[in-house]
Structures are given as C-alpha cells and as structure tokens.
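Undergrad: Below is a structure I'd like to ask you about.
The values are calculated or read from the model by the stated rules, or taken from the named source; none is laboratory data. Bear in mind that the values here come from a model prediction, so they are computed numbers and not experimental data. Don't worry about glycine lacking a Cβ; one is built from the backbone with ideal geometry, like all the others, and counts go over all protein chains shown. The protein model used for the area step is the full one, side chains on, heavy atoms only, and it has no ligands, DNA or RNA in it. Shrake-Rupley method; radii C 1.70, N 1.55, O 1.52, S 1.80 Å.
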Amino acid sequence: MSGPGARGPLLVLAAATLWGTAGAAQELGPPEAWPPAVAALRSLLGGALLSGAVLLWRGRAVVVDTARRAPGPLAVAAVAMTAFQGGYFTGIRLSGVAVGTLVAIGSAPVWAGLLEALAGRRPGLRWLVATAVTVSGTALLVLGGGPDAASGVDLFGVGASLTAGAAYATYAVASKRLVERGVDGTSGMALAFAASGLLLAPALLPQSIGWAVTPRGLVMIVWLSIFTIAAAYTLFAAGLRTVDAPTATTLTLAEPLTATALAVLVVGERLSAAAVVGAVLVTVGLGLAGRRRANERQSTAGSSPEPPPDGTADEATTRGRIAPER
C-alpha cells in the first residue's frame, strides 16, 4: 500500500492541473462576463474559502501572527495579486486561452530575474538561457496568430498578459520577504488572496453582473473560486509536505500544458505551427528557470540554521518556478 509520500506528487499534479483550467473556465462562461469582475468574484469567494481552510489547518494564532509580523510584504503581495488576476483574465479574453496563459506564465520568470538584477543579485547563466528560450517562444506565440490561427494576436491582450507576469513576479518577491521574516507562507498566501478580492471588488460596479447568477455564470464562478483557488492551493500545500522543490517544479508544468490542451480541445482555439513551437519553447524555458531555482534552494538548504518544518520547500516559495514564486 502506498504511503502519504507516494500521494504527494499526485496532489501537486492535481493542483497544477486545476490552475490550468482557469482560462478555459472563463471562456466557457458567459461571454458578457467582464474579466476584472470575474477576477473579483474569484478572489472574493476563493480567498474567503482558502482563508477558512487555512484557519482550520494552521489555526487563528498563526494567521494573526502572519498579519502582524509582515504587513508590508502582505500589502505588496495583495496589490500584486490584484494586478495579476486582472491582467491574466483580460489577456486570456483578448489573446485566447493558450497564448494568454503561456505569455503570462512564461514571462514571470523573466520579470523575476530582472527584479533580482535591480536588487543587486546577478542572474546566472541558466536564467539567461531560460529567458532566451522563453522570449523566443513568446515571440512565436505572438507572431503565430490569435486563437483562430488566422487573425493576429491582440497586442493589448499580450500587454495584459505581460503585466500579469510582472505582477506575479512582484508577488513572488513579496512572498520571499514573508518567508524571510519567518511567517507562515500558506497563511500569507491566503491573506493576500482575500485582500486582493477586496481590492478587485470595485470592478463589480461599472457593469451589470447579472451573468453571475445565470447557470453558466454560477458554474464558472464556483469552479474558479472553489477548484482553482481553494482546492488547488490546499492540494498544493498538502503535496509539498512530501515533495521536494525540483519535483514540484516539474509537476507544475502541467499548468500551461493543461491550459493549452483545453484551449485547443475544449474551447476550440486553433494554433498555427509557429504558435505550437512557441508553446513548446515557453514550457522548456519554464522548466529551465524552475530547475535553476530548485537547485539554488537545495544548495542553500544545508547552510540554513532552521529548515522548513516539513523538510521541503513551502508552497509560497515553490509555486510558479521562480524564486520564490512564479
């Protein structure tokens, strides 16, 4: 009989697969749903559910301690998550699920390296190679056409996806600050999601959200909030208790692969040959960037006076394949 350790990779894989369904879920929902409003409802409901799960799992004292000890990084993380959500869903609506997702996810490690450079930490050769591969893949995605393979990609949509990538890289830096202060990463993530929902709430005002109470709208919001936030992050956190960072890095590549597969097989997008090659290059670039970060974490773990309580990288420092996050 397999033990808990054997289930860890499956939990991480399940989480990454759920994340990869977010874009398709929006596009299969009501066409009149405004992406920022979708992001707001997803964050409000999902953040509340995730926070509740963390309260049960970690305890109220841990969550309160996180908020008290790191208010600055938490605020930055919340603002960055707000920008990520808005840019991510807007980019998907305008550029298509496959291109929007791959550009957002693929650009995040590039932005992260640039932020590190600005902070005085010089990125290594592997990051440079990963960046070159990812940028080449992104260029092919953009030049390869839109979701019907015959029209050009919406440049505003690409810009929104790039903004999402930059925002997630910023969120990664803030998450790293949380971990450096010794606070609970899971609690910080839950608080950031909940706060981003409040920051996105004004997006519910400009346009009618009557679509949210239609059958398609309800299914979309329930899926996005329960499965792609509350369930996915809970599974990911549980999986990381027995999965090391390199393995988690590889398994989370299921996210862009799932998004691309759903875009083609379910949403009905058609990618040109150039776009397919671009998608492969972005995935390879993500793998290279993630492997670099995983190796760095392992090389420094031995000198750390206090390793993580569960002996693995925590979810706030592994999610997304950049240090500490996407």
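Undergrad: Subtracting the Cα-Cα distance from 0.36 nm times the residue separation, let me have the gained length for L10 to A139 in nm, one decimal.
TA: Residue separation times 0.36 nm, minus the Cα-Cα distance, leaves 43.2 nm.
Undergrad: While we're on this one: Test of understanding: what is the full-extension gain from R270 to A67, defined as 0.36 nm times their sequence separation minus their Cα-Cα distance?
TA: 68.6 nm
Undergrad: A follow-up question, please. At 1.4 Å probe radius, can you tell me the per residue accessible area of the range 7-166 in Å²?
TA: 39 Å²
Undergrad: What FRET efficiency comes out for A132 versus R181 if R0 is 25 angstrom and r is the Cβ-Cβ distance? Round to the nearest 0.05.
TA: 0.15
Undergrad: HN-Hα J couplings of the range 201-213 from phi, Karplus 6.51/-1.76/1.60, θ = phi - 60°, integer Hz, Gly and Pro as x?
TA: Values per residue, Gly and Pro as x: 3, x, 5, 7, 8, x, 10, 5, 10, x, 4, 5, 9 Hz.
Undergrad: Right, next: Could you give the distance between the Cα centres of the range 1-63 and the range 183-232, to the whole Å?
TA: 10 Å
Undergrad: Per residue of the range 38-44, in order, report the coupling 6.51 cos²θ - 1.76 cosθ + 1.60 (Karplus, θ = phi - 60°) as ³J(HN,Hα) in whole Hz, putting x for Gly and Pro.
TA: 4, 4, 5, 5, 4, 6, 4
Undergrad: Which value, in Å² and to the nearest 10, is the accessible area of W223 when all protein chains are kept and the probe is 1.4 Å?
TA: 90 Å²
Undergrad: Still on this structure, I have one more. Please compute the modelled spin-label separation between V219 and L125, points set 7 Å along Cα→Cβ, answer in nm with one decimal.
TA: With each label point 7 Å from Cα toward Cβ, the separation is 5.2 nm.
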